[in-house]
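Student: Here it is: the structure, laid out below.
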Amino acid sequence: MSNPVLVEVLRGAVVESAHRGAVAVFDADGKPLLEIGETVRPVFPRSAVKAIQALPLVESGTADAYGFGDRELALACASHTGEAAHVELAQAMLAKAGLDKTALECGAHWPSNHDATIALARAGGVPNALHNNCSGKHAGFLCTCVHAGIAHRGYVKAGHAQQEMVRDAMQSVTGAAHDVDHCGTDGCSIPTYAVPLKSFALGFARMATGRGFAPERARAAKRLLSACMAEPFLVSGSGGADVALMQAAPGRIFVKTGAEGVYCAAVPELGLGIALKCDDGAGRAAEVMIAAVLARLLRGDEGLAAKLMELAHRPVESRIGAKVGTLRPTAALN
């Protein structure tokens with residue numbers, strides 16, 4: 001079975017490219033509301049599941065012990081753009097545990113935000129691990145290790161106590177086994193596991209509702225999603241699709257992108273979780289897909305649905321900024 005075309009790219013009035021993909025929308029009882037394509041195919045979620053990976057940070061008491069609020073918890077769930085606010089907050093989180101950037105094992109890269117890269121280069125600086133888009137998540141891992149009395153060296157490796165906590169949380173929340181046969185290594189060096197796309201949709205429905213969770217986990221899940229919705233800039237960065245989507249309906253939509261065309265999301269008021277994958281890994285298409293799915297689910301609010309559909313129709317521009325085409329969802333998503 002081939003996944004259907006879900007996004008078209010037009011140049012003028014002609015379809016120039018097309019993107020295939022799959023979408024799963026589930027409630028917390030495991031009932032599908034929408035399934036398009038092969039939702040049982042194993043998918044690496046990459047950074048789309050950081051809110052689940054952050055559960056041990058809250059459940060262990062680390063977040064409370066270090067006085068972490070919405071800002072820190074949002075950054076722990078983030079794929080940030082390396083802007084000054086992101087870097088400074090990650091550094092401050094590490095300092096609470098008596099650590100600095102040298103403890104991070106995520107690697108370094110230039111900020112993905114253009115202005116932040118220019119500012120760093122102009123100052124004669126070079127990127128360090130704090131600029132890594134995953135530095136907030138890793139700061140959360142390190143703080144959890146220190147608070148729990150776990151030796152933090154090698155915390156990114158499979159089998160380390162920190163990654164076992166993360167794996168256990170992922171298995172429990174999604175209901176899918178995270179085993180060695182489906183394990184890969186993420187860009188920031190931690191293990192990532194390929195499981196059915198529908199399992200991630202179920203997991204985020206549970207995160208949104210707390211259904212099936214013990215009271216402590218339900219509170220932790222609500223706290224993390226609420227933090228992300230309250231601080232979308234810290235989850236992403238200036239101009240990010242995640243920011244635009246969460247700001248379109250403050251406190252009502254949680255979304256998180258992952259590499260290679262993955263998105264996970266939750267709509268707490270509907271008790272639904274969403275997971276999708278663009279087959280060719282195109283982030284531009286995944287952004288169209290998630291906006292269109294959210295518009296479909298929230299069509300009862302006509303104003304919001306219209307705003308989301310506007311985000312699902314993205315302009316293709318020339319080098320001088322003229323609109324020369326459009327990315328649009330196909331009928332399968334409408």
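Student: For segment 178-334, just list the percent of Cα-Cα distances falling in each 5 Å bin from zero outward, please.
Tutor: All Cα pairs, binned at 5 Å, distribute as 2, 9, 15, 21, 21, 16, 9, 5, 2, 1, 0 percent.
Student: For the ranges 90-100, 20-30, what's the packing order if you count other beta-carbon atoms within 10 Å of each residue, average per peptide, and put the highest first? Don't jump to the answer; show the numbers that get you there.
Tutor: On the way: 90-100: 18.0, 20-30: 22.3.
Descending packing order for the listed peptides: 20-30, 90-100.
Student: Given the Cα atoms of segment 66-139, and with Rh set as the inverse mean 1/r over their pairs in the Kirkwood sense, what is Rg to Rh to two decimals? The partial results should precede the final answer.
Tutor: Details: Rg = 11.6 Å, Rh = 12.1 Å.
Radius of gyration over Kirkwood radius for segment 66-139 works out to 0.96.
Student: Find how many whole Å separate the alpha carbon centroid of segment 8-51 from the alpha carbon centroid of segment 66-110.
Tutor: Comparing the Cα centres of segment 66-110 and segment 8-51, I get a distance of 30 Å.
Student: Follow-up question, since we're still on this one. How big is segment 1-126 on each of its three principal axes, counting only the C-alpha atoms and giving the largest first in Å?
Tutor: Between the extreme Cα coordinates on each principal axis of segment 1-126 lie 52, 45, 23 Å.
Student: So, one more: I need the semi-axes of the equivalent ellipsoid of segment 103-261: take the C-alpha gyration tensor, multiply each eigenvalue by 5, square-root it, list largest first in whole angstrom. Mind dumping the intermediate values first?
Tutor: Details: eigenvalues 143, 99, 46 Å².
In descending order the semi-axes read 27, 22, 15 Å.
Student: So what's the net charge close to ILE274: Lys and Arg +1, Asp and Glu -1, counting the other residues with Cβ under 12 Å from its Cβ?
Tutor: Details: positive: LYS198, LYS256, LYS277, ARG296; negative: ASP27, GLU35.
My count for the surroundings of ILE274 gives +2.
Student: I've got another one for you. Under the rule a/c < 1.5 gives rounded, and otherwise a/b versus b/c splits prolate from oblate, where does segment 133-224 land using the Cα gyration tensor?
Tutor: Values: a/c = 1.91, a/b = 1.24, b/c = 1.54.
Taking the square roots of the gyration eigenvalues as a ≥ b ≥ c, segment 133-224 is oblate.
Student: Considering Cα pairs under 8 angstrom that are at least six residues apart, work out the relative contact order of the chain and quote it in whole percent. Display every interim value, and only then the final one.
Tutor: On the way: 736 pairs, mean separation 81.1, N = 334.
Contact order relative to length: 24 percent.
Student: Show me 271-282, 123-134 ranked by packing, highest mean number of other Cβ atoms within 10 Å first. Kindly include the intermediate steps, with their values, before the conclusion.
Tutor: Values: 271-282: 23.5, 123-134: 18.0.
Those peptides, ordered most packed to least, come out 271-282, 123-134.
Student: Using the alpha-carbon atoms, what tilt in degrees (0 to 90, nearest 10) does helix 84-96 show relative to the longest principal axis of the chain?
Tutor: 30
Student: Now a separate question. If the reach is capped at under 16 angstrom between alpha carbons, list the lysines near LYS96, excluding any in the same chain fewer than eight residues apart.
Tutor: LYS96 reaches LYS137.
Student: If you don't mind, another one. Tell me whether segment 251-294 comes out rounded, prolate or oblate; compute the Cα gyration tensor, take square roots of the eigenvalues as a ≥ b ≥ c, and use a/c under 1.5 as the rounded threshold. Spell out each step's value before the answer.
Tutor: Working: a/c = 2.48, a/b = 2.28, b/c = 1.09.
The shape class here is prolate.
Student: Related question: Calculate the FRET efficiency for ALA95 and ALA214 from the Cβ-Cβ distance with a Förster distance of 35 Å, rounded to the nearest 0.05.
Tutor: Working: r = 32 Å, r/R0 = 0.91.
About 0.65, to the nearest 0.05.
Student: Add -39500 (n - 2.57) for each DSSP H run of 4 or more in the chain, then divide by its residues: what number comes out at 222 nm, to the nearest 500 deg cm²/dmol?
Tutor: Details: 14 runs with 136 residues, N = 334.
That calculation yields -12000 deg cm²/dmol at 222 nm.
Student: Where Rh is the Kirkwood radius over the Cα pairs of segment 100-186, the temperature 25 °C and the viscosity 0.890 mPa s, what D in µm²/s does Stokes-Einstein return? Write out the running numbers ahead of the final one.
Tutor: Working: Rh = 14.8 Å.
Rounded to a whole number, D works out at 166 µm²/s.
Student: Right, another one. How big is the Rg/Rh ratio for segment 206-251, C-alpha atoms only, Rh by Kirkwood, two decimals?
Tutor: Numbers: Rg = 12.1 Å, Rh = 11.2 Å.
Ratio of gyration radius to Kirkwood radius for segment 206-251: 1.08.
Every read-out reported here was derived from the displayed coordinates using simple, explicitly stated rules and does not represent laboratory data. Quick caveat: nothing in here was measured; it's all calculated off a predicted structure. Counting neighbours? That spans all protein chains shown, and the Cβs are built from the backbone with ideal geometry, glycine included.
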